[in-house]
Amino acid sequence: MRFELNHLESYDDIALLEELRRVAALLDKPKLTIKEFSANARVHGSTLQKRFGGWRKALQAAGLSERADRSNVKKYENEVIDAIKQTAKRLGKGTTITLRVFEAHTGLTGGPVRRIYGSWGAALSAAGLDQSALGKRYTDEECFENMLSVWTHYGRPPQHDEMNEPPSLVGSKAYVRRWGTWRKALKAFVERVNSEIPEDEPARNIESSERQQQIEQKKESRGPRDVPLALRYYVLKRDSFRCVVCGTSPAITRGVVLHVDHIHPWSKGGATVADNLRTTCEACNLGKGTSPA
């Protein structure tokens, strides 16, 4: 009887690749899995995985790329592409999808995505999206709009790390790059909205007839239909970042979206002024039964 060692004499790269080729020749199958290799080799497949950075890379180094089983990889690629497209559709056209936002919206992790595509930008390109997670340069206004969205979500000034989580679409690094520190970014936002803050509005308990008269007097200079950033912040803060109809807020109820809504519709002559604006949740706003603001 002939005796053979059940382990390799050497575990250098050359010996490991020779063992991989030996087992590949021994098994007459189109694909060679790590499980099959480990069952027939004198070294476990995990050793090659660690040495070469993955099973497919080990096969590639041995000149056996065609023996790699890519069925699961292809399935995952399709899942990633579909998930990226669905996330883009859900967030809206023109929205930059960062890897962190993608993970939060899909539950998929970035590690396998990077291993398959090499980078998040390459994954976006594979999904037919030209936007870059890190390359986009945001304007001051885009940064302020995003900050107001996150501020509204929490009902308070957002913290540095919260800018990297939904609903934020602009990461904290973008703010630090532009303003130097997170505190300076917050200060810039406050200065921006304070520079256009409206004068204190009349008391909220005035008679409706008097309110209507004030609104009518402002018809000649009723402003744009879209509510400017500073005015939106003023109204949201005045209303404590809550829907004035049902009292709900994003800070308390998950999924709540707040709007700044015209009381007397803009389409009917209502002015875009603080006294004619109120905070409503999406459900109350869409279900109010009047003409759009």
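Throughout, read-outs are computed from the coordinates displayed, never taken from laboratory work. Just so it is clear, the structure is predicted and the values come from calculations on it, not from any experiment. Neighbour counts run over all protein chains shown; Cβ positions are idealised from the backbone, glycine included.
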* **Overall Cα dimensions of region 13-67 - principal axes, largest extent first, Å** => 25, 22, 18
* What's the local net charge at Q159, with K and R +1, D and E -1, over the other residues with C-beta under 13 Å away? -> -1
* Asked: So if R0 is 41 Å, what FRET efficiency would K29 and A104 give, r being the distance between their Cβ atoms, rounded to the nearest 0.05?
  -> 0.50
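Taking the Cβ-Cβ separation of S125 and L8 as r and a Förster radius of 41 Å, what is the calculated FRET efficiency to the nearest 0.05?
On the way: r = 42 Å, r/R0 = 1.02.
Computed FRET efficiency for S125 and L8 comes out at 0.45.
Grab the beta carbon distance between D140 and Q60, set R0 = 41 Å, and tell me the FRET efficiency rounded to 0.05.
Values: r = 47 Å, r/R0 = 1.15.
FRET efficiency, D140 to Q60: 0.30.
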* **Peptides 229-237, 261-269 ordered by average Cβ neighbours within 10 Å, highest first** => 229-237, 261-269
